[in-house]
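**Student:** First, the structure itself, so that you have it in front of you.
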Amino acid sequence: MGVAITTSLSSALWSTVKFQYSSHKPILSLHYNHARSTSNSRLSSTKSNAQQKREGVVVQKKKQSKDERGNVAKPQQASSSKGFGITRNDKDSVFASNDQQFQVEPSNIQNAAFLNAVVKVYCTHTAPDYSLPWQKQRQYTSTGSAFMIGGRKLLTNAHCVEHDTQVKVKRRGDDTKYVAKVLARGVDCDIALLSVESDEFWREVEPLRFGRLPHLQDSVTVVGYPLGGDTISVTKGVVSRIEVTSYAHGSSDLLGIQIDAAINPGNSGGPAFNAQGECIGVAFQVLRSDDAENIGYVIPTTVVSHFLTDYEKNGRYTGFASLGVLIQKLENPALRACLKVKSNEGVLVRRVEPTSDANNVLKEGDVIVRFDDVRVGCEGTVPFRSNERIAFHYLISQKFAGDTAELGIIRAGTSMNVKIVLNPRVHLVPYHIDEGQPSYLIIAGLVFTPLSEPLIEEECEDTIGLKLLAKARYSLARFEGEQIVILSQVLANEVNIGYEDMSNLQVLKLNGTRIKNIQHLAHLVDSCKDRYLYFEFEASYIAVLEREAVATASSCILADYGIPSERSPDLLKPYVNSLEGEPSAEKEFGDIPVSNYEIGVDGLFWA
């Protein structure tokens, strides 16, 4: 693990870098080693669920296909993955094992060749300052772990190299650090792909091979560079559970392997091996709780395979697909009878996200009984290997962006089949900001920026306002590209007298036109020919500025506050209106949590 992350409940998941965050729910810790002083570590348990999602460990579920008997089999690996050393076993539809490899025993672990493929990661991070979006925060350093795979590439955790300005890696027993380049980050699955150009770095080292998904009580060995020393560390345990898990860093639900081997800060990104010396996953988080001990989590090879195949197919990482529906379990016989569902199966569609393709196909009240010919149980589970069941959205996670799924549904007692295109989920308030600076626009000292979870965390919830928090937690994006744009603060100047105390207010309209996103706001300001700029905010606030005075005061304000530009680089590009029509104002915010973290009810979950 590389970073320690906590949540607001009594337990918490941590990741494996030496660095600590805090978030809500059980504490999911990301374990990389963080060099910043503890006074800067976020350890409070008062953050919102969404914040906890960001900082805690989010475990994502693995997806598997169905075999001839109707059981969910492991995903078959595309040929494009072979360059990374991932192979497929046709019998098990999982990754092939190398039977000739030796057993990992205490007597030979010291000289095991595969240990040489595990390296230490040194990263310098420079995160954006979301409250002052034109600048960055003070840089800090962290250490984590990584390992070599085929194609002269390295795998580590995404949180180990988040907001990186420099990444270096060092081999076991070597005193030379090599500069590495980040090729791709999978925030939702907490995986990053690195490359090193130096030929010397790759000399006389064999990349790791991936093994099949393990079974319960299979032995597992975790290798990495955790706190407590500079040399490689080996801990051993067994597989205690395999299920869809919350990934703290990505705020997502994917397949995860729970183990009882010790995982500590600095282990993040390190491999976990089976008894044959094959890599069965990537260590990334742990559970911290007064009621539980020795609970660590590993990203399984099925999720790793999905990430690598996605990167190979598209030349970049596009993300895990989502169905975009809120579903309810159908365990109650009276509820099934009311919906005219005769068999003990299916899940009820309670909400459909407007930005998903499902919005064009499904309706509230539909019952999903099959997903690609796999029957969905009334508890929202599907068959998984022999004598096992797993959450239904494990099947969704096996799909790639743009793939089509065939659903069997019951609508008002009538059975039918429908097809839906799956794509990554669109969040109105993002949990992460893509690499780079947040967007911002300064108009006569009024600083506008999109609302995001990092901004909420930085500003602290009690300064944001309940109404804005409700929108962040309960509103769904009505169209792709929609943003909640807020007035973050006002930089005092003569031109904005009387507005100095305004902060963290959502801007709704400019001169009567409803705001779609910050690009739209910048376009409306640039194209305005009226004498006044008339801003309307939530809670009935208004602010009026004289347009010519705004232009005159702009350069003076930028100079007074040492700001290089009145807008972020992305807002210098010509505005392209790809959004049809005007956004509806019928609902200011919804009445349902936007993620599984905020639901808190076992009978409901997002797929």
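**Student:** Answer yes or no: is there a residue in the stretch 168-179 that is touching a residue at least 60 places away in the same chain (Cβ under 8 Å), out of contact with any helix residue (DSSP H, G or I) (no Cβ under 7 Å at 6 or more places or on another chain), in the same structural domain as Ser142 (by TED's automatic domain parsing) and not β-branched (Val, Ile, Thr).
**Tutor:** Initial filter on the stretch 168-179 (touching a residue at least 60 places away in the same chain (Cβ under 8 Å)): 172.
Those left that are additionally out of contact with any helix residue (DSSP H, G or I) (no Cβ under 7 Å at 6 or more places or on another chain): none.
No: zero hits.
**Student:** Restricting attention to the stretch 143-186, which residues are assigned to a loop (DSSP other than H, G, I, E, B) and touching a strand residue (DSSP E or B) at 6+ places or on another chain (Cβ under 6 Å)? Talk me through it step by step, then tell me what you get.
**Tutor:** We begin by selecting, within the stretch 143-186, every residue assigned to a loop (DSSP other than H, G, I, E, B); these are 150-152, 157, 162-163, 171-176.
Once the filter is applied, which keeps residues that are assigned to a loop (DSSP other than H, G, I, E, B) and touching a strand residue (DSSP E or B) at 6+ places or on another chain (Cβ under 6 Å), the stretch 143-186 yields Asn157, His163, Arg171.
**Student:** Go through the stretch 388-416 and give me each residue that's over 29 Å from Thr309 (Cα atoms) and surrounded by fewer than 22 Cβ atoms within 10 Å (Cβ to Cβ). Full working, then the answer.
**Tutor:** Our first condition is that a residue be over 29 Å from Thr309 (Cα atoms); within the stretch 388-416, this holds for 409-416.
Matches in the stretch 388-416: Ile409, Arg411, Ala412, Gly413, Thr414, Ser415, Met416.
**Student:** Now for a separate question. Taking the residues in the stretch 506-538 that are within 30 Å of the chain's Cα centre (by Cα), aliphatic (A, V, I, L, M) and not in a strand (DSSP E or B) as candidates, determine which candidate is surrounded by the fewest Cβ atoms within 10 Å (Cβ to Cβ).
**Tutor:** The selected residue is Ile515.
**Student:** Looking only at the stretch 187-210, which residues are surrounded by 19 or more Cβ atoms within 10 Å (Cβ to Cβ), part of a strand (DSSP E or B) and in contact with a strand residue (DSSP E or B) (Cβ under 6 Å, 6 or more places away or on another chain)?
**Tutor:** Ala192, Leu193, Leu194, Phe210, listed by residue number.
**Student:** Let me ask another. Can you pull out the residues in the stretch 514-554 that are in contact with a strand residue (DSSP E or B) (Cβ under 7 Å, 6 or more places away or on another chain) and β-branched (Val, Ile, Thr)?
**Tutor:** Result: Ile515, Ile518, Val525, Ile542, Val544, Val550.
**Student:** Tally the residues that are crowded, with 19+ Cβ neighbours inside 10 Å and in a loop (DSSP other than H, G, I, E, B), restricting the search to the stretch 479-492.
**Tutor:** Number of matching residues: 3.
**Student:** Also: Would you point out the residue of the stretch 587-598, among those that are at pLDDT below 70 and not in a loop (DSSP other than H, G, I, E, B), that is farthest from Ser322 (Cα to Cα)?
**Tutor:** Only one residue fits best here, namely Glu598.
**Student:** Within the group Ser268, Ser252, Ser240, which residue is within 29 Å of Ala607 (Cβ to Cβ) and at pLDDT below 90? Break it down stepwise before answering.
**Tutor:** Values: Ser268 fails: at pLDDT below 90; Ser240 fails: at pLDDT below 90.
It is Ser252.
**Student:** Among the candidates Thr143, Thr176, which residue alone is of a type outside the set (Gly, Ala, Ser), touching a Lys or Arg at 6+ places or on another chain (Cβ under 8 Å) and buried (at least 18 other Cβ atoms within 10 Å of the Cβ)? I'd like the intermediate steps shown before the answer.
**Tutor:** Details: Thr176 fails: buried (at least 18 other Cβ atoms within 10 Å of the Cβ).
On inspection, the qualifying residue turns out to be Thr143.
**Student:** With (1) farther than 22 Å from Glu458 by Cα; (2) free of Cβ contacts under 8 Å to residues at least 40 places away in the same chain; (3) more than 33 Å from the chain's Cα centre (by Cα) as the list, and Glu494 as the residue in question, which single condition is left unmet?
**Tutor:** All conditions are met except number (2).
**Student:** Taking the stretch 433-457 as the region of interest, how many residues are in a loop (DSSP other than H, G, I, E, B) and out of contact with any Pro (no Cβ under 7 Å at 6 or more places or on another chain)?
**Tutor:** Residues of the stretch 433-457 that are in a loop (DSSP other than H, G, I, E, B), as a first pass: 433-440, 444-445, 451-452.
With out of contact with any Pro (no Cβ under 7 Å at 6 or more places or on another chain) added as a condition, the list becomes 434-436, 444-445, 451.
Number of matching residues: 6.
**Student:** Here's another thing I want to ask about it. Which of the residues spanning the stretch 275-293 are assigned to a loop (DSSP other than H, G, I, E, B) and crowded, with 22+ Cβ neighbours inside 10 Å?
**Tutor:** Within the stretch 275-293, the subset assigned to a loop (DSSP other than H, G, I, E, B) is 275-278, 290-291.
Of everything in the stretch 275-293, those that are assigned to a loop (DSSP other than H, G, I, E, B) and crowded, with 22+ Cβ neighbours inside 10 Å turn out to be Gly277, Glu278.
**Student:** Quick check on the stretch 539-550. Is at least one of its residues in a helix (DSSP H, G or I), buried (at least 18 other Cβ atoms within 10 Å of the Cβ) and within 35 Å of the chain's Cα centre (by Cα)?
**Tutor:** Start the filter on the stretch 539-550 by keeping residues that are in a helix (DSSP H, G or I), which leaves 539-540, 547-550.
When the remaining residues are screened for being buried (at least 18 other Cβ atoms within 10 Å of the Cβ), the result is 550.
With the extra rule that they be within 35 Å of the chain's Cα centre (by Cα), the set shrinks to none.
No, the stretch 539-550 contains no residue that is in a helix (DSSP H, G or I), buried (at least 18 other Cβ atoms within 10 Å of the Cβ) and within 35 Å of the chain's Cα centre (by Cα).
**Student:** Moving on. Out of Ala272, Ala337, report the one residue that is free of Cβ contacts under 8 Å to residues at least 60 places away in the same chain and in a helix (DSSP H, G or I). Write out each step before concluding.
**Tutor:** Values: Ala272 fails: in a helix (DSSP H, G or I).
Residue meeting the stated conditions: Ala337.
The values are calculated or read from the model by the stated rules, or taken from the named source; none is laboratory data. All values reported here derive from a predicted model rather than from experimental measurement. Please note: Cβ atoms are built from the backbone with ideal geometry, for glycine as well, and neighbour counts cover all protein chains shown.
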